[in-house]
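What follows draws every value from the coordinates through simple rules; no lab data is involved. The shown structure was predicted, so the numbers you read here are calculated from the model rather than taken from an experiment. Every residue, glycine among them, receives a Cβ derived from its backbone with ideal geometry; neighbour counts consider all protein chains shown.
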Amino acid sequence: MDREAKLFKALSDPLRLRLVTCMAAGGELCVCKLVDALAEPQFKVSRHLAILRAAGLVQARRQGTWMYYRLADVQTEFDRSLRDCLLKLSQEPKMKTKSCSIAAKC
């Protein structure tokens, strides 16, 4: 139960929720694309990505000087349900206007 509480706590911030819905819709994304799409400063996006990573929601990889983030691999049925929920949320008209438009920015 502690893991689930940590996940929901990480998702309770609007910017972090926008970040994971962007990754649900766009797959693996470079930090620079997230910064552009969300119109937020790089340090703020990176800090929130670190929180999501610590909670186990996202995974990162470095390619040269660039960091790429994606949703963490599904390990349990709960993870699968959460990912489905985030994907559905990313398709909601309300989230499309408030969240990022990766297709338009990439």
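Data table
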quantity: Cα-Cα P(r), region 38-100, percent of pairs per 5 Å interval; calculated: 4, 14, 19, 24, 23, 12, 4, 0
quantity: Cβ-placed point charges (K, R +1; D, E -1), dipole of the chain about Cα centre in debye, nearest 20; calculated: 260
quantity: For region 15-24, 3J(HN,Hα) per residue [Karplus equation, 6.51 cos²θ - 1.76 cosθ + 1.60, θ = phi - 60°, Hz, x = Gly/Pro]; calculated: 5, 5, 5, 5, 4, 5, 5, 4, 5, 5
quantity: Nitroxide proxy distance, nm - points 7 Å out along Cα→Cβ at Ala60 and Glu92; calculated: 2.8
quantity: Kirkwood hydrodynamic radius over Cα pairs of the chain, then Stokes diffusion coefficient at 4 °C and 1.567 mPa s, in µm²/s; calculated: 94
quantity: Most mobile listed residue (Ala54, Ala72, Ala39) in the chain, GNM with C-alpha springs under 10 Å; calculated: Ala39
quantity: Karplus-derived 3J(HN,Hα), 6.51/-1.76/1.60, for each residue of region 32-47, Hz, glycine and proline x; calculated: 4, 5, 5, 4, 5, 5, 8, 6, 10, x, 4, 4, 6, 4, 4, 5
quantity: At R0 = 22 Å, FRET efficiency that the Cβ-Cβ distance of Ser46 and Asp73 yields, to 0.05; calculated: 0.50
quantity: Furthest towards positive pole of dipole, Leu71, Ala24, Ile51, structure part region 2-96, Cβ charges; calculated: Ile51
